[in-house]
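Colleague: Pasting a structure below so you can have a look.
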């Protein structure tokens, strides 16, 4: 993934740091836009495959309805309590719907990797359980901005 960032270069994560961060973090905040233009932010688990962020969303949610109407999305993954511990990434772009909705487990080669990664990371399982309520969203980011305030302490 190519990351360019005009501001905050000193605290920007390297590609390797970004990859490690997105691979190990579990929770993100997803911002969508309602039909009336109001923002809506919700929390989800995610998985990163090295190029795209995969979200397993309830299909009867406001988030899903908003993205069906307008696929623009911003996602933030962050961590840290104290100022000098703050780290995070903002990914923006357009969400894509992948596979059947709701997902019941029909064969879909495109979902093999994200489902394997998600099941292992979030459930400790080898196979993805399907409940007939969720489906997959993929964000291949158009823009990535990152920060790691721990770098401010470095000389």
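Colleague: Could you state the angle between the C-alpha long axis of helix 15-24 and the longest principal axis of the C-alpha atoms of the chain, as a value from 0 to 90 degrees rounded to the nearest 10?
Modeller: Helix 15-24 and the main axis of the chain meet at about 50 degrees.
Colleague: So if each residue of separation counts as 0.36 nm, and I subtract the Cα-Cα distance between residue 26 and residue 70, what length gain in nm does that give?
Modeller: Residue separation times 0.36 nm, minus the Cα-Cα distance, leaves 13.3 nm.
Colleague: Please report 57, 52, 42 as a ranked list, fewest other C-beta atoms within 10 angstrom at the top and most at the bottom.
Modeller: Taking fewest neighbouring Cβ atoms as first place, the list is 42, 52, 57.
Colleague: For a label point 7 Å from the Cα of residue 94 along Cα→C-beta, name the residues of the stretch 43-75 whose backbone N is under 19 Å from it.
Modeller: Backbone N within reach: 52-55, 64-75.
Colleague: To the nearest 0.05, what FRET efficiency results for residue 17 and residue 43 with a Förster distance of 35 Å applied to their C-beta separation?
Modeller: Calculated transfer efficiency: 0.90.
Colleague: What residue among 81, 142, 100 has the largest mean-square fluctuation in a Gaussian network model of the chain, using Cα springs under 10 Å?
Modeller: Per the Cα network of the chain with a 10 Å cutoff, 81 tops the list.
Colleague: Shifting gears a bit: Just subtract the alpha-carbon distance of residue 81 and residue 127 from 0.36 nm times their residue separation and send over the number in nm, one decimal.
Modeller: 13.2 nm
Colleague: While we're on this one: Can you give the calculated 222 nm mean residue ellipticity of the chain, where each DSSP H run of n ≥ 4 adds -39,500 (n - 2.57) and the sum is split over every residue, rounded to the nearest 500 deg cm²/dmol?
Modeller: For the chain, the value works out to -4500 deg cm²/dmol.
Colleague: Over the stretch 9-153, what is the relative contact order in percent, taking alpha-carbon pairs closer than 8 angstrom and at least six residues apart?
Modeller: Once divided by the residue count of the stretch 9-153, the mean separation gives 30 percent.
Colleague: Could I ask something else about it? Which one is right for this structure if volume of the Cα convex hull per residue in Å³ is calculated from it: (i) 108; (ii) 150; (iii) 121?
Modeller: (iii)
Values in this text are rule-based calculations from the coordinates and carry no lab data. Because the structure is predicted, anything quoted here is derived from the model rather than measured. Glycine also receives a Cβ, built like all others from the backbone with ideal geometry; neighbour counts cover every protein chain displayed.
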